[in-house]
1. With +1 assigned to the C-beta of every Lys and Arg and -1 to the C-beta of every Asp and Glu, and no other charges, what is the dipole magnitude of the chain about the Cα centre in debye, to the nearest 20?
2. In whole Å, largest first, what are the principal axis extents of the Cα atoms in the chain?
3. Percent relative contact order of the chain, based on C-alpha pairs within less than 8 angstrom and at least six residues apart?
4. Full-extension gain between residue 78 and residue 34, please, as 0.36 nm times their residue separation minus the C-alpha to C-alpha distance.
5. Quick one: net charge around residue 101, please, counting Lys, Arg +1 and Asp, Glu -1 for every other residue with C-beta under 15 Å from its C-beta.
6. With every protein chain left in place, what is the accessible area per residue of the chain in square angstrom, probe 1.4 Å?
7. May I ask for the net charge around residue 129, where only other residues with Cβ less than 11 Å from the Cβ of residue 129 are counted and Lys, Arg are +1 while Asp, Glu are -1?
8. Could you give the distance between the Cα centres of segment 13-28 and segment 101-126, to the whole Å?
Amino acid sequence: TKHPYVSLGGAIGTGKSTMSKVMALYMLHRLDCLSNPWKTLGIAKTKSISFVFQHTTAGVAYKEFGKSIETMMDQSPYFNNMHHNHDIRFIYTGVRDQGPLGSDALFYVLSEINFINPDIAKGKMDTAFGRFSARFNKMRHYFGTIILDTSSKGDASVVENFLRDNAF
């Protein structure tokens with residue numbers, strides 16, 4: 001995980017969300033290879049490690065990410081036969097929800113963020129980066145990812161501005 005912050009752009013149907021799902025399952029597998037992910041990550045085992053998938057609404061997030069991740073896991077010999085099932089929770093949330101608030105979110109997908117209110121989008125990105133850095137900064141080059149998964153909306157879109165102006 002040399003680059004824990006990833007921006008996936010491009011036209012509809014180019015595989016941005018599919019790549020995000022594959023990256024999530026790979027991160028889940030990597031955590032599964034640890035005997036104690038909480039100890040490795042340097043956090044207390046007081047709650048689940050979370051993977052957050054945000055879209056316009058929680059329902060859309062589940063439809064776009066959850067359903068196909070479940071299908072991919074159901075079709076995988078690894079996830080059917082060898083998966084150890086650490087306490088890892090998938091959270092599907094919308095732009096107005098506070099679902100991931102207070103969670104130990106190690107993996108974020110902020111999907112189609114260019115197409116929501118720019119102030120809300122910037123707030124969601126700032127929150128994800130801030131919470132991730134506060135909890136996992138020392139492990140960010142080994143575990144964890146934040147993915148900005150969105151179609152382009154021009155040179156002055158929220159993601160392009162964020163990438164240009166952000167120290168990350």
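1. Approximately 440 debye in magnitude.
2. 45, 33, 29
3. Computed over the chain, the figure is 35 percent.
4. Full-extension gain reported as 14.3 nm.
5. Its environment carries a net charge of +3.
6. The answer is 52 Å² per residue.
7. Around residue 129, the charge tally is +3.
8. 17
The values are calculated or read from the model by the stated rules, or taken from the named source; none is laboratory data. This is a predicted model, so every value here is computed, not measured. Using ideal geometry, Cβ is built from the backbone for each residue, glycine included, and neighbour counts are taken over all protein chains shown. Remember, those area values only see protein heavy atoms, side chains included, never the ligands or the DNA or RNA. Shrake-Rupley method; radii C 1.70, N 1.55, O 1.52, S 1.80 Å.
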